[in-house]
Amino acid sequence: MGAGFRRDGGGRVNRTQPLPFTFNGRRLMGFAGDTLASALLANGVHLVSRSFKYHRPRGILSAGAEEPCALVQLEEGARTEPNLRATQIELYAGLSARGVNAWPSVAFDLGAVNNRLSKLFAAGFYYKTFMWPPSFWRTLYEPIIRRMAGLGHAPKLPDPDLYDRMNARCDLLVVGGGPAGLAAAQAAARSGARVILADEQAEFGGGLLGASRTIAGEPGAAWVAEVIDELAAAEEVRLLPRATVFGYYDHNQLAALERRTDHLGPGAAPGQARHRIWHIDAAQVVLATGAHERPLVFADNDRPGIMLAGAARTYIERYAAVPGRRAVVFTNNDTAYETALALADAGAEVAAVIDLRTQADGPFAERVAERGIPVHHRSAIVATVGGQRVAGVEVRALDGAGEIAGGGAQSIACDLVAVSGGWSPAVHLFSQSRGRLRYDGTNACFVPGVSIQAERSVGAAQGRFSLADALADGAQAGVAAARAAGLNAVDMAPAPTDAPPAGGIEAYWLVPGKRPLGHGPAKHFIDMQDDVTAADIRLAVREGFQSVEHVKRYTTVGMGTDQGKVSNLNALAILADALGRPIPEVGTTTFRAPYTPVTFGALAGRDGGELMDPARLTAIHVWHETHGAVFENVGQWKRPYWYPRAGEDKQAAVNRECRAVRECVGLLDASTLGKIDIRGPDAGEFLDRIYTNSFSTLPMGKVRYGLMCHDDGMIFDDGTTARLGEDHFLMTTTSGNAASVLDWLEEWLQTEWPELKVYCSSVTEQWATLALAGPRSRDVLAALAPDVDLDDAAFPFMTTREWVVAGMSARIARISFAGGLGFELNVPWDRGLALWRAVMAAGEPYGITPYGTEAMHVLRAESGFIIVGQETDGTVTPFDLGMDWIVSKKEPDFIGKRAYSRPDTARTDRKQLVGLLTEKPLEVLPEGAQLVDQPHHPKPMPMIGHVTSSYYSENLGRSIAFALVMGGRERLGETIYAPLKTKQVKAVITRPMFLETGKAGGHG
Amino acid sequence: MTKFSIVSLVRNALSHHEGWSAQWRSPEPKPAYDVVIVGAGGHGLATAYYLAKHHGVTNVAVLEKGWLGGGNTGRNTTIIRSNYLWEESAAIYEHSLKLWEGLSQELNYNVMLSQRGVLNLCHNTHDIQEGVRRVNANRLNGIDAEWLVPAQVKAFCPILNISPGARYPVEGATLQRRGGVARHDAVAWGFARGADARGVDIIQNCEVTGIDVEAGRVIGVRTTRGAIRAKQVAIVAAGHNSVVAQMAGLRLPIESHPLQALVSEPLKPVMPTVVMSNAVHVYVSQSDKGELVIGAGVDSFNSYGQRGGLHVIEDQMGAIIELFPIFSRLRMMRSWGGIVDVCPDASPIVAKTPVGGLYINGGWGTGGFKATPGSGWVFAHTIANDAPHPLNAAFTLERFSSGALIDEHGAAAVAH
Amino acid sequence: MLKIPCPWCGLRPETEFRNGGEAHIARPANPFAVTDAEWADYLFMRTNPKGWHRERWNHAQGCRRWFNAVRHTVSHEIAATYPMDAAQPPLPEHDGEG
């Protein structure tokens, strides 16, 4: 071994590229190709962070995505990230990180006092206490619990980075670029299949990168490089490194998170999307996701320096980082013997191999024996010592029953314990695909059983752990998948390997300690992040929690950031043992997406800011902007709210606009009105059914107002419809409902009345619409259309004509939502701005005033016109609004009619639309104020209605309001009260109309 | 039943926690009960608890297909509030909230009620009108409710983005300070332990496969563990109410949809309250463990699959980042789906049925968790008296014929 | 996200479609000949089966046409889609779990 813990040669780190970094305040050096974890180990650092509940020191357990312990807060400021696994962070120059859940430092953490109290803090302890006195919960107990909870810290600043969403289709998605996945991708790609190969690591190769294996007569890594070269050259293959397939969804669709810039360091790739979410629609899937090694559950198995045996080997062989100088290997299977050899080869002293079994087979065990490494068969580690790093273990022999046998204890000093409790196939995606798992007793793990979707699990992911099996499975599955996707694939012989067959394992779920479980200070950890012990599982069972889901929830086992990748099976087995039932009967918990955590920002993609929802702008928008309009969001539209002049507040501007329309002339951009072109021989009949009133009787060139209801009788939209021809109508809808009205019409036409010959098209954005209103509106229009007779007789109220206005062909309707004289001018969308300018110019002599939606609301209220969605809320009928006149008595049926005879809908004391005049004329009721008869009634106070619209009316010099009041129409002249937070407002009930301006007509 | 307290905790710690007894029994089903409750979720267990405690009805079985508390009780985002619009809803949810406020002591089980306030954000004029209307109605109903202008919203939840430049800026919010979150599993377990102690049999892994009706009256149920006679049968099987009701020939105005939720990795405290936004489909809070708990929207189609599409989560995440730009680098740790039974008016059915002795409690949509104690309380009354309590008298099946719907789409805060 | 075979456009992603609920609920030909309860049945009552479900979809972001589908409400498998005026295909014999 060279300086520190880095080997002089070997591994895949680039020694010519040293990278300085800072961890827990220390300045350290690593190499390109390191992960943060391997760089720390190469510097002899094992203590990384603190655990969740007891604040125990935590080191590095694994070398990958399954890591539960080594969690860090990466960087500071806007790009800081909590809870990242040191085992997955690719080292870059200047990296700065610190361990989570420690204060003031990981080495000296005040929270560690919890460990002293750990006897009290058993599973579920918080359900049993903190209840008295009740007031202490809010003021004392809960604040303390919350302060203690959590691991890392959220950033305090917005994220400066970008994220993207990608969509891809393929014949075959291969998840995992280890030997099985590579073989599958290669076999399928040779058939010309469209293949996507995704792997969560920077380099393809999986386990081959951390093991000395020979494939086809050459080192495994060389074989990997050849296959990758072949795949990269194949036109239909897409390689996705640094991409974790995290979710398996319905209909064989999967999602992956690709990390594109994290390895470069924060902010190093400006303009490039940091992460991408890939939506992959795959005809076939091969799951080559490998397996996770499990730790053994033994007393105080959580000290830093206690590491999974496979991980130790990966650190040595892939990263050239030796995780200790004097190691003990503890195992129940053959694979850990290879780690013992790797340690010895790397110059570490292997003090002992402790094997729970009576014997070990296989070539590695033989070689360990040949090397003279002491092996203790049928023995166990029954205690460990050490503070922030393991310093030694105590070994005892076991008897035939697996209990501690007589004979003395042997203490072995060490700074590394390499542990293997066997391997669990990474069946997460298989399980997400709804596939059913099967328990494999021989290998002591769950393996894919019955497939549901079009996927195949191969190699270690299928519980076939030898390299030869992986290569064979992969080759076969690749060909089979390609064929299933319709390609003409040729069988591919698997690459030969000299790797030994997978060794044996003897399940050994709970290693006895020196004292009975749960006695004394020692703890048998199962979940090392959330500090769940074997005693906790037993406690849960004792307390009646017997379903695995109950135990999980009661103890929180497997609920941490790793979601139990290394702890689930140990927990399940110890639960099964406590219940006295076999493992497969106790079952397994459901695996859910995501496989590993997925960045929120990546899920959001670019759907933020302006792109969250496209803003719809009218053709005249630019004019509104340059004239200082304040805008209102109406659905997706931006509409001018009011046009303030210098020194004006909202009320002053609205007052001025309202007065201008009543006294002179105003102009409103009404282009957002929904417009639907309806044609066909049955159009009239269709509209009779859709509206509450008749339209087949509407004469040509006339306009009629209509209400639309759902079949429960409740109002859903309103608007005017003009008859342009025998078989041709132009309907308008409210701005917010345009799309849903069109959907509504189509639904009836297509699903209920296919016999009607009617065609509907949205023309909302074909026509720009200007509402010209006020006593001088006719003069303005006359100036623009001098040849047209605009007299009442020639162009009466509620008619429409096509004329040339300001040199543009236009459709003019004599209607007004403001009430009084008014015209609606429609021109093709792209002429809208020109017409607006022309009208403004023609109106200049009259002081024409552009007005916004707020003035429109006031004006229409003065005139007694309703707004759907304001006077109505889905519970209001036309009768409630006093609009009986619009409900056809003659039509045998229309949508909604049947509902009016239901008992509740037919009540005469329903809430009815009325007007309200406050006692103090300048007092404006808040919209949404509730109304009562008895303002001094104790709460709950009987409410008789609420204020739906309320304004100060400049034209009337007082406030006006609409309200829905129980039986209101029978109560004109009566006084009611609006109890507000700080006062009561008295108001008199009136008719819902305040200014005689003419009949109803359209809206803005 | 062992009384839980710091004293019993210390005593048991000294004996290595080996002295605790089971929190509930696992009895074999008896051949007959006075009342059979179908579904051991929070509502069913609360019903059993209050039947035993308030009405002296203890010959009760709660039958559960899986494990108790394993349906929507264990799959929701744990939000509790009572700020509903109509008097009928306000009364039942407020009754429930009051029960919540004493529930830990009532059950001797810490349900970890965290009254950190619930903000309902408003993003446009229509939202504001609806929000103010609800605040006024709440106050007159005796329910705490406040209207906050954007600056007050920011003061209450400083990490919220209230920038007027946002696509849909925050233009105000309603606040119910007594609202908050609770530990969902604990509620089911606390009611189970309390009901069990009063003699109720909670029978897990016992699926009801049929309901026997004779002469228009229920006489029992058939289960995977045999037939059980019962004088009264109460269906409280959220997520499967249509399926169970069908066994008695009943059609319900319910459709079952997936509702997804997710949690982030655990974080040190960052989110001081509960934030909901109807317009942009977001609700988020932080659990006692430190995870951000986030609700996504309802998938559009009927499903019993307990899972939904990723696009629903993506849509909702766009809105989350808009409101909480500092959340962008956090990560989704776990996602899941529940099955919500949605009624056309976003209000529940807690009522008698046309079949004698058969009762139904369901259709709570996305809002069932907060109602757990109140729902059980009134349902127990309904069963014990064969007549509804005034608090649930309006939540009938007949309202769908009469037209007397209780439209709470605005207050439901998740599009139904 | 489901993949839905539109009878006119082929297999398209769910986000292009709008779900229209249970299929084959006809509006009573003469609404005034039915009772309030029957009217409520038409308006509100739904079969909501756990299993195969005949339901309506609209290809809202595509051809905008309505059609019917046979979809399993647990597995989400879509066994058939058919035009509104086509005969109802039989329900699949397998339980749809697979």
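One residue stands out among those in region B:196-246 that are assigned to a helix (DSSP H, G or I) and touching a Leu at 6+ places or on another chain (Cβ under 7 Å): the one that is nearest to A:Ser547 (Cα to Cα), which is B:Asn241. Only one of the numbered conditions (1) touching a helix residue (DSSP H, G or I) at 6+ places or on another chain (Cβ under 8 Å); (2) buried (at least 24 other Cβ atoms within 10 Å of the Cβ) is violated by B:Leu259, and that is (1). Give me the residue from region A:802-839 that is part of a loop (DSSP other than H, G, I, E, B) and out of contact with any Asp or Glu (no Cβ under 7 Å at 6 or more places or on another chain) and, out of that set, nearest to A:Val858 (Cα to Cα). Looking at residues that are part of a loop (DSSP other than H, G, I, E, B) and out of contact with any Asp or Glu (no Cβ under 7 Å at 6 or more places or on another chain), I get A:Ala818.
Checked against the criterion of being more than 14 Å from chain A (Cβ to nearest Cβ), within 24 Å of B:Thr47 (Cα to Cα) and buried (at least 24 other Cβ atoms within 10 Å of the Cβ), the candidates B:Pro348, B:Pro354 yield just one match: B:Pro348. Within region A:893-922, being facing another protein chain (nearest Cβ under 8 Å), part of a loop (DSSP other than H, G, I, E, B) and in contact with a Ser or Thr (Cβ under 7 Å, 6 or more places away or on another chain) holds for A:Arg902, A:Pro903, A:Asp904, A:Thr905.
The set of residues from region C:28-38 being more than 8 Å from chain A (Cβ to nearest Cβ) and among the charged types (D, E, K, R) comprises just one member, C:Glu38.
Taking the condition more than 9 Å from chain B (Cβ to nearest Cβ), within 34 Å of the chain's Cα centre (by Cα) and buried (at least 22 other Cβ atoms within 10 Å of the Cβ), does A:Gly150 pass? When the stated conditions are applied, A:Gly150 does not pass them. A single entry from B:Leu262, B:Leu267 fulfils the requirement of being touching a Phe, Trp or Tyr at 6+ places or on another chain (Cβ under 9 Å), more than 30 Å from C:Thr47 (Cβ to Cβ) and among the aliphatic types (A, V, I, L, M): B:Leu262.
If you filter region B:139-155 down to residues that are more than 12 Å from chain A (Cβ to nearest Cβ) and under 17 Å from B:Arg116 (Cβ atoms), you find that the one that is surrounded by the fewest Cβ atoms within 10 Å (Cβ to Cβ) is B:Ala155.
Residues that are over 21 Å from A:His550 (Cβ atoms) and either over 27 Å from the mean Cα position of the chain (by Cα) or in a loop (DSSP other than H, G, I, E, B) (or both) within region B:9-34 comprise B:Val10, B:Arg11, B:Ala13, B:Leu14, B:Ser15, B:His16, B:Lys30, B:Pro31, B:Ala32, listed in sequence order. Note on region A:38-68: residues that are assigned to a loop (DSSP other than H, G, I, E, B), of a type in the set (S, T, N, Q) and either farther than 19 Å from A:Ile526 by Cβ or touching a His at 6+ places or on another chain (Cβ under 7 Å) (or both) total 1.
Okay, residues lined up against (1) under 27 Å from A:Gln651 (Cα atoms); (2) surrounded by fewer than 17 Cβ atoms within 10 Å (Cβ to Cβ):
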| site | (1), (2) |
| --- | --- |
| A:Lys920 | yes, yes |
| A:Val932 | no, no |
| A:Pro938 | no, yes |
| A:Glu954 | yes, no |
| A:Ser959 | yes, no |
| A:Phe962 | yes, no |
| A:Arg971 | no, no |
| A:Glu974 | no, yes |
| A:Met993 | yes, no |
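From the list A:Val598, A:Val586, A:Val541, A:Val622, the lone residue that is within 27 Å of the chain's Cα centre (by Cα) and touching a residue at least 12 places away in the same chain (Cβ under 8 Å) is A:Val598. Scanning region A:116-141 for residues that are buried (at least 20 other Cβ atoms within 10 Å of the Cβ) and not in a loop (DSSP other than H, G, I, E, B) yields A:Phe125, A:Tyr127, A:Trp137. Mind checking which residues of region A:471-502 are closer than 19 Å to A:Gly220 by Cα and either surrounded by fewer than 18 Cβ atoms within 10 Å (Cβ to Cβ) or among the polar types (S, T, N, Q) (or both)? Correct list: A:Ala493, A:Pro496, A:Thr497, A:Asp498, A:Pro500, A:Pro501.
Within 14 Å of another protein chain (Cβ to nearest Cβ) and either surrounded by 18 or more Cβ atoms within 10 Å (Cβ to Cβ) or of a type in the set (Gly, Ala, Ser) (or both), is that true of A:Gly701? Considered against the rule, which asks whether it is within 14 Å of another protein chain (Cβ to nearest Cβ) and either surrounded by 18 or more Cβ atoms within 10 Å (Cβ to Cβ) or of a type in the set (Gly, Ala, Ser) (or both), A:Gly701 comes out as no. Any residue at all in region A:80-98 that's in contact (Cβ under 8 Å) with a residue 12 or more places away in the chain, within 11 Å of chain B (Cβ to nearest Cβ) and either among the small types (Gly, Ala, Ser) or closer than 29 Å to A:His519 by Cα (or both)? No, region A:80-98 contains no residue that is in contact (Cβ under 8 Å) with a residue 12 or more places away in the chain, within 11 Å of chain B (Cβ to nearest Cβ) and either among the small types (Gly, Ala, Ser) or closer than 29 Å to A:His519 by Cα (or both). For region B:291-318, the candidate set comprises residues that are surrounded by 22 or more Cβ atoms within 10 Å (Cβ to Cβ), within 7 Å of chain A (Cβ to nearest Cβ) and assigned to a helix (DSSP H, G or I); within that set, the residue that is nearest to the chain's Cα centre (by Cα) is B:Ile313.
Scan region B:128-138 for residues that are out of contact with any helix residue (DSSP H, G or I) (no Cβ under 9 Å at 6 or more places or on another chain), more than 7 Å from every other protein chain (Cβ to nearest Cβ) and either of a type outside the set (A, V, I, L, M, F, W, C) or more than 19 Å from A:Val932 (Cβ to Cβ) (or both) and the total you get is 1.
Among the residues making up region B:63-77, those that are within 13 Å of another protein chain (Cβ to nearest Cβ) and either β-branched (Val, Ile, Thr) or not in a helix (DSSP H, G or I) (or both) are B:Glu64, B:Lys65, B:Gly66, B:Trp67, B:Leu68, B:Gly69, B:Gly70, B:Gly71, B:Thr73, B:Arg75. Of the residues making up region A:601-619, those that are at the interface with chain B (Cβ under 7 Å from one of its Cβ atoms), over 13 Å from the mean Cα position of the chain (by Cα) and not in a loop (DSSP other than H, G, I, E, B) number 3.
Could you tell me whether region A:43-63 includes any residue that is surrounded by fewer than 21 Cβ atoms within 10 Å (Cβ to Cβ), in contact with a strand residue (DSSP E or B) (Cβ under 7 Å, 6 or more places away or on another chain), away from chain B (no Cβ under 14 Å) and small (Gly, Ala, Ser)? No, region A:43-63 has no match at all. Of all residues in region A:163-176, those that are surrounded by fewer than 22 Cβ atoms within 10 Å (Cβ to Cβ) have Cβ atoms under 7 Å from Cβ atoms of residues that are in a loop (DSSP other than H, G, I, E, B) and not β-branched (Val, Ile, Thr), 6 or more apart or on another chain, in A:Asp164/A:Ala273; A:Asp164/A:Gly605; A:Asp164/A:Arg606; A:Arg165/A:Gly605. Do we have A:Ala122 as among the small types (Gly, Ala, Ser), under 18 Å from A:Gln529 (Cβ atoms) and more than 9 Å from every other protein chain (Cβ to nearest Cβ) here? Against the criterion (among the small types (Gly, Ala, Ser), under 18 Å from A:Gln529 (Cβ atoms) and more than 9 Å from every other protein chain (Cβ to nearest Cβ)), A:Ala122 does not qualify. State the number of residues belonging to region A:288-327 that are within 20 Å of A:Arg58 (Cβ to Cβ) and either of a type in the set (Val, Ile, Thr) or modelled with pLDDT under 95 (or both). Count: 3. Identify, please: which residue in region A:554-578 is closer than 18 Å to A:Ala149 by Cβ and of a type in the set (A, V, I, L, M) and is, among those, surrounded by the most Cβ atoms within 10 Å (Cβ to Cβ)? Once the filter is applied, the top-ranked residue is A:Val557.
The values are calculated or read from the model by the stated rules, or taken from the named source; none is laboratory data. Every value quoted in this text rests on a predicted model; they were computed, and no experiment measured them. Note that each Cβ is placed from the backbone with ideal geometry, even for glycine, and that neighbours are counted across all protein chains shown.
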